[in-house]
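Chemist: Provided herewith is a single structure, encoded as structure tokens, for subsequent inquiry.
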Amino acid sequence: MHDHRKLGRELDLFDTDPLMGAGLPYWLPDGAVVRHTLEEYVREAERRAGYRHVYSPVLGKRELYEISGHWSHYSEDMFPPMRLGGEQVVLRPSLCPHHALIYRSRAHSYRELPLRMAELGGMYRAELSGVLGGLTRVRAIQLNDAHIFCTPDQAVDEARAALELIRQAYRALGIEDARYRLSLPGAGGKYVADPALWQRATALLAEVLDGSGVPYEAVEGEAAFYGPKIDVQVADSAGRESTLSTVQIDFHQPARFDLHYIGPDGARHRPVMVHRSVIGSVERAVAHLIERHGGALPAWLAPTQIAVLPVSEAELPQAADLVRRCVERGLRAELAGPEQGSLGARIRSARLVPYQVVIGAKEAAADLLAPRLRSGQRLDALPANRFLTRVEALVGAHSTDLWDA
Ligand SMILES: [Zn+2]
């Protein structure tokens, strides 16, 4: 596999500046297109799956993390608090506490459950400077997060549906070899104590995995401090495994925040929180996709989808017209004219672009295209509109195929 840091620089996707600080990368326009497209894919998949999106601030008062348990179990990974008047505020280490407060701000009936609350939001981790690099270890993280507040009876179905959402996303992203892990607590005091709840949550997650039919391995010492989780693992260019996606069933946070809903019996009941992330942090997901695909991202995700290459100055008007037609259809096309070098050089520099369209005198006269795919395959000449309609359909379906003739 490739190193995403090297490719990210070569492809002008992201970079860092010592004055912004280590572990705080910024996204260049092409990288921003990839990130935005990935975020929109996730939001749309979540909308279809019944999630509602919220926004919450990246800061919270220290007391909030004392209640959630982060302060006593996770403070080593948190930024130091900032003093503001007589208060201390903290860059948040997770989105869960904010979502628990949003749930708590309104009364809920059992009829509203499961309530699926999603956010692509910022969170922060005080990583040591020695381990920072590229997009995999960063201090500012954009997390694709969601919390499903549900009855205990609904938790397994919700967790299973979340796992299916993850598998669906991995198909669209071309990730075929993810490994599933049931992450359990290990020795040491970093976990909240309540053996009965740990056992209950672990049994439910095992039921989810068994029901989904995916092979998995149980590993001790990898749980969150408040509960066990299903982790979906991918490997980086050096073969190191890391967690991209997670599903957790949590009985702890609902108790800490005293969450409840009114049941059919008119009494107050405690909901369960299913924490889940489809693609994990946007930074780590993009890093993994760059490495996995060597920069040749699926067409729907590629910064430029169609490179339009006029043979000479004479075909420039037709080439510009084709780019305009692409843009009108919502496709991302770039014109690479003869001022950028010989045709061979332009084809080489567009080698990661899914579709390359050379326009010579013949194509210009007949409005026919003879596209070549990134894979090297050449298509028979076809009318421009037919080509664009096909590409539009493949991109709209988040297909990893470039052509399905
Ligand atoms: Zn959470």
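The values are calculated or read from the model by the stated rules, or taken from the named source; none is laboratory data. This one's a predicted model, so the numbers in the text were calculated from it and none came from an experiment. Note: ideal-geometry Cβ built from the backbone for every residue, glycine included; neighbour counts use all protein chains shown.
Chemist: Identify all residues within the stretch 42-87 that are of a type in the set (S, T, N, Q), more than 13 Å from Asp145 (Cα to Cα) and surrounded by 14 or more Cβ atoms within 10 Å (Cβ to Cβ); write none if there are none.
Modeler: If the condition is that a residue be of a type in the set (S, T, N, Q), more than 13 Å from Asp145 (Cα to Cα) and surrounded by 14 or more Cβ atoms within 10 Å (Cβ to Cβ), then Ser68, Ser75 are the ones that fit.
Chemist: Filter the stretch 328-347 down to residues that are surrounded by 12 or more Cβ atoms within 10 Å (Cβ to Cβ) and free of Cβ contacts under 8 Å to residues at least 60 places away in the same chain, then give me how many there are.
Modeler: 11
Chemist: Now for a separate question. For the structure I just gave you, tell me whether Ser242 is of a type in the set (Ser, Thr, Tyr) and within 16 Å of the ligand (Cβ to nearest atom).
Modeler: Considered against the rule, which asks whether it is of a type in the set (Ser, Thr, Tyr) and within 16 Å of the ligand (Cβ to nearest atom), Ser242 comes out as no.
Chemist: Applying the selection to the stretch 251-287, what residues are under 14 Å from Thr151 (Cα atoms) and among the β-branched types (Val, Ile, Thr)?
Modeler: Ile262, Val272, Val274
Chemist: Those residues that are over 18 Å from Gly337 (Cα atoms) and assigned to a loop (DSSP other than H, G, I, E, B), I need them from the stretch 285-326; list them, please.
Modeler: Scanning the stretch 285-326 gives Gly294, Gly295, Ala296, Leu297, Pro298, Ala299, Trp300, Leu301, Ala302, Pro303.
Chemist: Return the residues of the stretch 238-252 that are in contact (Cβ under 8 Å) with a residue 24 or more places away in the chain and under 24 Å from the mean Cα position of the chain (by Cα); say none if nothing qualifies.
Modeler: Residues satisfying the conditions are Glu241, Ser242, Thr243, Leu244, Ser245, Thr246, Val247, Gln248, Ile249, Asp250.
Chemist: Here's another thing I want to ask about it. Identify all residues within the stretch 72-87 that are touching a residue at least 24 places away in the same chain (Cβ under 8 Å) and over 17 Å from Ala126 (Cα atoms); write none if there are none.
Modeler: Within the stretch 72-87, Glu87 is the sole residue that qualifies.
Chemist: Please find, among Gly280, Gly294, the residue that is within 28 Å of Glu10 (Cβ to Cβ), surrounded by fewer than 24 Cβ atoms within 10 Å (Cβ to Cβ) and within 13 Å of the ligand (Cβ to nearest atom).
Modeler: Step by step, each of Gly280, Gly294 is checked, and only Gly280 is within 28 Å of Glu10 (Cβ to Cβ), surrounded by fewer than 24 Cβ atoms within 10 Å (Cβ to Cβ) and within 13 Å of the ligand (Cβ to nearest atom).
Chemist: Go through (1) more than 15 Å from Tyr226 (Cβ to Cβ); (2) within 14 Å of the ligand (Cβ to nearest atom); (3) not β-branched (Val, Ile, Thr) for Gly86 and report which single condition fails.
Modeler: Answer for Gly86: the failing condition is (2).
Chemist: Quick check on my filter: what residues within the stretch 1-22 are part of a loop (DSSP other than H, G, I, E, B), touching a residue at least 24 places away in the same chain (Cβ under 8 Å) and more than 19 Å from Asn144 (Cβ to Cβ)?
Modeler: Met1, His2, Asp3, Leu11, Gly21, Ala22
Chemist: With Gly213, Gly174, Gly134 as the choices, which residue is under 23 Å from Pro93 (Cβ atoms) and either surrounded by fewer than 19 Cβ atoms within 10 Å (Cβ to Cβ) or under 21 Å from the mean Cα position of the chain (by Cα) (or both)?
Modeler: Gly134
Chemist: Step by step: first the residues of the stretch 348-364, then only those that are among the hydrophobic types (A, V, I, L, M, F, W, C) and under 31 Å from the mean Cα position of the chain (by Cα), then the one that is surrounded by the fewest Cβ atoms within 10 Å (Cβ to Cβ). Which residue is that?
Modeler: The extreme case among them is Leu352.
Chemist: Residues being in contact with a Phe, Trp or Tyr (Cβ under 8 Å, 6 or more places away or on another chain), within 18 Å of Leu163 (Cβ to Cβ) and not β-branched (Val, Ile, Thr): count how many of those fall in the stretch 204-244.
Modeler: Here the count works out to 9.
Chemist: Moving to a separate point now. Six or more apart or on different chains, Cβ under 7 Å: which pairs go from a residue in the stretch 261-289 that's over 23 Å from Gly227 (Cα atoms) to one that's of a type in the set (Lys, Arg)? Could you list them?
Modeler: Ile262/Arg268; Val282/Arg35; Val286/Arg35
Chemist: Taking interchain pairs and intrachain pairs at least six residues apart, which have beta carbon atoms under 9 angstrom, with the first residue in the stretch 378-405 and surrounded by fewer than 17 Cβ atoms within 10 Å (Cβ to Cβ) and the second at pLDDT below 95 and part of a helix (DSSP H, G or I)?
Modeler: As it stands, the answer is Ala381/Lys362; Ala381/Glu363; Ala381/Ala366; Pro383/Ala366, since those pairs meet every condition given.
Chemist: Of everything in the stretch 275-284, what is part of a loop (DSSP other than H, G, I, E, B) and in contact with a helix residue (DSSP H, G or I) (Cβ under 6 Å, 6 or more places away or on another chain)? Give them in sequence order.
Modeler: Val278, Ile279
Chemist: Next question, about the same structure. Scanning the stretch 134-173 for residues that are under 16 Å from Ser237 (Cα atoms) and in contact with a Ser or Thr (Cβ under 9 Å, 6 or more places away or on another chain), which turns out modelled with the highest pLDDT?
Modeler: Leu135
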